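Input: a single structure, listed below in structure tokens.
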Amino acid sequence: MDWAANHARSRGASWWKSFTTGKSAKLLGGVPHDTYGMTSLSVRQYILAIYRQMGVREKDVTKVQTGGPDGDLGSNEILLSSDKTVAVIDGSGPQDDFQL
């Protein structure tokens with residue numbers, strides 16, 4: 001995970017620190033998931049709060065998701081969300097339906 005964040009930084013991405021989760025806390029400012037209990041459910045609640053703050057309904061959001069059915073984090077998001085997921089990219093491969 002450190003490599004991916006550093007690669008984004010080396011390519012000039014201003015958002016490199018938010019590129020991945022699970023980064024080294026001391027080196028890159030990552031949040032230790034086991035210490036703070038960050039899970040897909042807590043990240044999901046954070047996103048839902050942003051939607052509420054912005055007056056956006058989740059079902060009106062179109063989303064491309066990285067992480068999917070091969071892992072628990074992505075699969076939880078797929079099961080719980082009511083957005084319009086048009087693509088999922090996971091270790092087993094990509095899936096898309098841009099006709100939604």
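For the chain, the antiparallel share of DSSP beta bridges with both residues in that region comes to about 45%. If you take the Cα centroid of segment 81-100 and the Cα centroid of segment 40-75, the two points sit 13 Å apart.
Using just its DSSP H runs of length 4 or more, each adding -39500 (n - 2.57), the chain gives a mean residue ellipticity at 222 nm of -11000 deg cm²/dmol after division by all residues.
Ordering Trp16, Trp3 from the fewest to the most neighbouring beta carbons within 10 Å gives Trp3, Trp16.
Under Stokes-Einstein, with the Kirkwood radius over Cα pairs as Rh, the value for the chain at 10 °C and 1.306 mPa s is 105 µm²/s. Between Ser10 and Leu28, the contour length at 0.36 nm per residue exceeds the alpha carbon distance by 5.1 nm. Sum up the charges of everything whose Cβ sits under 15 Å from the Cβ of Ala8, counting Lys and Arg as +1 and Asp and Glu as -1, but leave Ala8 out. Cβ neighbours under 15 Å give a net charge of +3.
Only the coordinates and a few stated rules stand behind these numbers; no lab work does. No experiment lies behind these values; they were computed from the predicted model shown. All Cβ positions, glycine included, derive from the backbone under ideal geometry; neighbour counts span all protein chains shown.
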